[in-house]
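What follows is a short report on a single structure.
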Amino acid sequence: MKKRVLSVILTLAIVFTAVPLFFVPEADAAGHWFSVWGTSIVNGSVSIPGLSLRDYIPSHSTIRVEVPVTANGSSLRFKFSNEYGKSPLTIDELSVAKTVDNGSAKIKAGSAVPITFGGSASVTIPAGQTIWSDDVGFSVRALDTVSVSMYFRNLTYISSEGLSNGHTFLSKKTLSTPLGSQVNSEALNSPSEINISSGTVTYHTIPFLANIDAYTEDYYACSAVFIGDSTLVNNTYLHYAERLSDAGYTNIGIVNEAIIGNKLLSKGTGLIGNLYGPSLIERFYRDALDVTGVKYVFVKIGLNDILHQYSKSMSDDVLKCSTDDIINGYKSLVTMAHERGVKVYFFTKSPWKGYARAFLGQTNDLTWSQEAQNKCDALDSWIRSNTYGDGFIDVHILANPADPNALCPTFTLDGAHLTELGAIAMADLIPLTYVEAYSTYGRSAAELNGVNPYAEKAQIQAAMQNGTYNGGQNQTNNNNNNNSNNNSGSAKSGGSFLSGLMDLIPGDLFSGDLLSNIMGLLGSLGGTSDSGQKSDASKTTTKPASTEQPSFPGLPETPANAAAQNNGVTVVAPSDATVNIADAGALAPNTQTGFTGETEKIGGSRTIIFVLLLFLVIIAAGAVVLLTANKRKDSDFIN
């Protein structure tokens, strides 16, 4: 009996000793990768009839990209994109370094580490492709800013670029500046930021760099993706990362893949439609589900699907979609995510009354209407009550108590886009538990930044209660604040979207940024004049209304989709959950597609004058290049 008992005990001891061997995750020993930064890559060209305008990097130039990483890692790897390029892209030398003084284009002395590809210092990326670098032994802490420097021996067109979540600086080239790489230099020569601004919207050009992954041995490390439109192109994601880091969670990377002007169901349209990107439903795999280590996705989309239908400059071109169509699109996102085991959280729509879409020289391009608001309210009602997603974030608390359809003045730049204070407030609305961070310690973003986002709202409420509210005339409007995606710094912000051309033209031949001027002129030639009146109809080329129809990948053909079917929308339910957009012209990842310049609302005689002027500018610039080349002929060398 004793022997039997001892045998049982020994057997149990052996079993329970062996059990952990079967349940210890392999990643504990080997470690794994997860994403800590990203930007959504778009086609960087601007097209008008017969012309395609693209920024470019002059030969023998270095650019430096400053980006924030959002979690700890012992090594990094970098994804570079030539998705929209029409020819191979060559980068001749690259490095990563610790940033000194954000916005200055300076790096810490001795911190630069080469970025290589199969051991090579240079890389050539075929047209339509992306590539990952080798692993780089470069450790980071959550909320560090790193600088990725790239050297280009030859003139290089920027066809594939992100437009947010960092700052890119171009080293100025002069006759007295030695040619060659500056990727390891502590400071670039006379750096200027590559960006373009119009109204309250600023595009921060990020050429070719798409994602940064970090390596860790922390089994629980993972990533969360913020994805959506311009109401998410701000520092909300960074302030959420701040909160996580303060609560002790430095192993969750927060990646922002929002695009200004983006829509859920259709690609961008109009003169700068390429910059608005493909539809979110089309890019959802590339920009969310295929992000390394993703476990959570936060979605803020749908406002442009509605508002662009009411925009004077875009209403004839955009997809005419109903709230049922957009809801079916939401359901498709959830279906695709859940098939990957990824949780999805939706933001409600930001209040937008007062937003006039003053962009590209246009005024009063959009006017608030109850009809459009009712559609937004219907979407928000579904977001708050649906059982498809895993939760929601209600941003209605940011509304002006005197007008629930408008944002509080200190929260908005222009009626729709957030100030830094607004981004802080929105970050505090997102529960940390949504990414399974359950720490009882952790301060709010407002506390971490020493601000009180709701002070003005309390003032308005108090004034309304005591009868002294006068419609906000005495309230401090923060609309003049910088866009919350901007950083202060000592480097000059040249707004030089076509910086290469500007670098080669001496003196003050152009006042300000060339492409900004061109786009402003295009805006004045377009749908509205300075007085807000539409252009003369006799000078307008009428285009047929868009016949584009959305499809909803992953949705079964059930009665829930009957509304979409009754509206003539085909509901697609592919067995492999591959996105199958009905829009044949949509830009899919790793593919090339042509772009026909928009002709709508561009007056004939003025267009001819504009094209002739642009032609003369190009000839003049070419002459300058030739003269400069002759001067350098005896001194130029190849590094």
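The values are calculated or read from the model by the stated rules, or taken from the named source; none is laboratory data. If you're wondering where the values come from, they're calculated on a predicted model, not measured in any experiment. Neighbour counts are summed over all protein chains in view; Cβ atoms, including those assigned to glycine, are modelled from backbone coordinates with ideal geometry. The protein model used for the area step is the full one, side chains on, heavy atoms only, and it has no ligands, DNA or RNA in it. Shrake-Rupley method; radii C 1.70, N 1.55, O 1.52, S 1.80 Å.
Table for the structure above
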read-out: Length added when fully stretched, residue 176-residue 30, from 0.36 nm per residue minus Cα-Cα; value: 47.5 nm
read-out: Where 441, 345 fall by accessible area, highest first, once all protein chains stay in place (1.4 Å); value: 441, 345
read-out: Order by protection proxy (mean Cβ within 10 Å, highest first), peptides 152-161, 293-302; value: 293-302, 152-161
read-out: Amide H within-cut-off set for residue 56, under 5 Å, with H built and near neighbours excluded; value: 158, 499, 500, 501
read-out: Pairwise centroid distance, computed over Cα atoms, of the range 52-102 with the range 352-402, Å; value: 35
read-out: 382, 37, reordered so the largest accessible area comes first (probe 1.4 Å); value: 382, 37
read-out: For residue 253, distant residues with modelled amide H under 5 Å away; value: 222, 223, 224
read-out: ³J(HN,Hα) computed for each position of the range 154-168 - Karplus, 6.51 cos²θ - 1.76 cosθ + 1.60, integer Hz, glycine/proline x; value: 10, 4, 9, 7, 9, 9, 10, 7, x, 10, 6, 6, x, 9, 10
read-out: Mean Cβ neighbour count within 10 Å, used as a protection proxy, ranking 262-274, 109-121 highest first; value: 262-274, 109-121
read-out: Peptides 332-340, 392-400 ordered by average Cβ neighbours within 10 Å, highest first; value: 332-340, 392-400
read-out: Radius ratio Rg over Rh of the range 288-327, counting only Cα atoms, Kirkwood formula for Rh; value: 1.17
read-out: Carbon + sulfur, % of accessible area of the range 114-180 - ligands and nucleic acids excluded, 1.4 Å; value: 51
read-out: Charge tally in the Cβ shell below 11 Å around residue 78, where Lys, Arg are +1 and Asp, Glu are -1, residue 78 excluded; value: -1
read-out: ³J(HN,Hα) computed for each position of the range 440-456 - Karplus, 6.51 cos²θ - 1.76 cosθ + 1.60, integer Hz, glycine/proline x; value: 7, 9, x, 8, 6, 4, 4, 5, 5, 9, x, 10, 10, x, 9, 4, 5
read-out: Within the range 196-307, percent of DSSP bridges classed antiparallel, to nearest 5; value: 20
read-out: Mean accessible surface per residue for the range 54-140, computed with a 1.4 Å probe while every protein chain stays in place, in Å²; value: 34
read-out: Per residue accessible area in Å² of the range 298-434, where ligands, DNA and RNA are left out and the probe is 1.4 Å; value: 30
read-out: Built amide H within the under 5 Å cut-off of residue 344, gap 5+; value: 297, 390
read-out: Accessible surface of the range 307-388 [probe 1.4 Å, protein heavy atoms]: carbon and sulfur percent; value: 48
read-out: Shape call, the range 380-464: gyration tensor on alpha carbons, a/c limit 1.5; value: oblate
read-out: Local electrostatic count at residue 43 - Lys and Arg +1, Asp and Glu -1, tallied over other residues with Cβ under 9 Å; value: -2
read-out: In sequence order, calculated HN-Hα J values of the range 332-340 (Karplus, 6.51, -1.76, 1.60; Hz; x Gly/Pro); value: 4, 4, 5, 4, 4, 5, 5, 5, 9
read-out: The range 172-291 - accessible surface per residue (Å², probe 1.4 Å); value: 23
